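Working notes for the structure below.
The values are calculated or read from the model by the stated rules, or taken from the named source; none is laboratory data. Keep in mind that what you see is a predicted model, and the values were worked out from it rather than measured. Cβ placement follows ideal geometry from the backbone for every residue including glycine, while neighbour counts extend to all protein chains displayed. The accessibility values were calculated without ligands, DNA or RNA, using every heavy atom of the protein model including side chains. Shrake-Rupley method; radii C 1.70, N 1.55, O 1.52, S 1.80 Å.
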Amino acid sequence: MPTDNTSFLTPKGDYKNLIAFQKSECIYDITYYFLEHYLPKIGDRTVDQMKQAARSGKQNIAEGNETGTTSTEACIKLVNVAKASLKELQEDYEDYLRNHGNQIWDVNSEQCRNARQWCRQHSKTEDYQRVCQLRDDITLANIALVLIHQTDYLLRKLLERFKADFLANGGIKEQMSAARRNWREEHGMGYLNGRDGRNGRNGNNGSYGNNGSYGNNGSYGNNGNYGNNGAKP
């Protein structure tokens, strides 16, 4: 949000401090390990698709946050791309679990509840890198699903924040115009060329001003051609 009357290029902050980005990075690391150890490296397009989806989720959060400095619209679009990419990745993990004994954890199961609590408290990649070496493929896939759901929720909240910021401050063009007006007013130039300013429609030199067409000295004014003292009756 703008910090003063002439500010409009306000950074959104370091994207690496966003919990949503941190969790998306953990998702990428889990996915990379999962693909390296549990899916064939050749002959399966799923590997490339999952890797790209995990990367897209992470990268678009970063890019969206940085783009938000100059374009709220682009920021919202990129965050939505991140959400869509993670949903695609979610489908791939669910497909894997369904085809390996239908072992998707029930949302109310003890395993899932414990995983949700642990994942809420951990957003550092090193935590998940250790977990990857201690858990099997089914557990890792389910942990990835828990993380994806949590990140999706955080991205929805992020979009709500961007929406509120836009409603409060407008887009970059509105902010630039407002900042320009404020700057001119602060430097004594606010009404110089406006409608009622010195050169404006109603100003000294405007149509209705002292020297304008209808002003004291204008064509239709007191001293003008058609005025009280004018040449033409």
Open item on the list: Here's a check for you: in region 1-29, which residue that is under 16 Å from Arg161 (Cα atoms) and among the hydrophobic types (A, V, I, L, M, F, W, C) is modelled with the lowest pLDDT?
Closed with: Met1
- [ ] Quick one: count up the residues across region 114-139 that are farther than 21 Å from Tyr96 by Cα and either in contact with a Ser or Thr (Cβ under 8 Å, 6 or more places away or on another chain) or among the basic types (Lys, Arg) (or both).
- [x] 3
Open item on the list: Within region 112-121, does at least one residue satisfy the condition of being outside any helix (DSSP H, G or I) and out of contact with any helix residue (DSSP H, G or I) (no Cβ under 7 Å at 6 or more places or on another chain)?
Closed with: no
Task: Count - residues of region 60-97 that are open to solvent by 20 Å² or more (accessible area, probe 1.4 Å), at pLDDT 95 or above and farther than 20 Å from Lys157 by Cβ - done: 6
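Which residues, taken from region 140-155, are without any contact (Cβ under 8 Å) to a residue 60 or more places away in the chain and either polar (S, T, N, Q) or closer than 24 Å to Gly101 by Cβ (or both)? Steps first, answer last, please.
Quick first cut of region 140-155, residues without any contact (Cβ under 8 Å) to a residue 60 or more places away in the chain only: 142, 145-146, 149, 153.
Those that are without any contact (Cβ under 8 Å) to a residue 60 or more places away in the chain and either polar (S, T, N, Q) or closer than 24 Å to Gly101 by Cβ (or both): Asn142, Leu145, Val146, His149.
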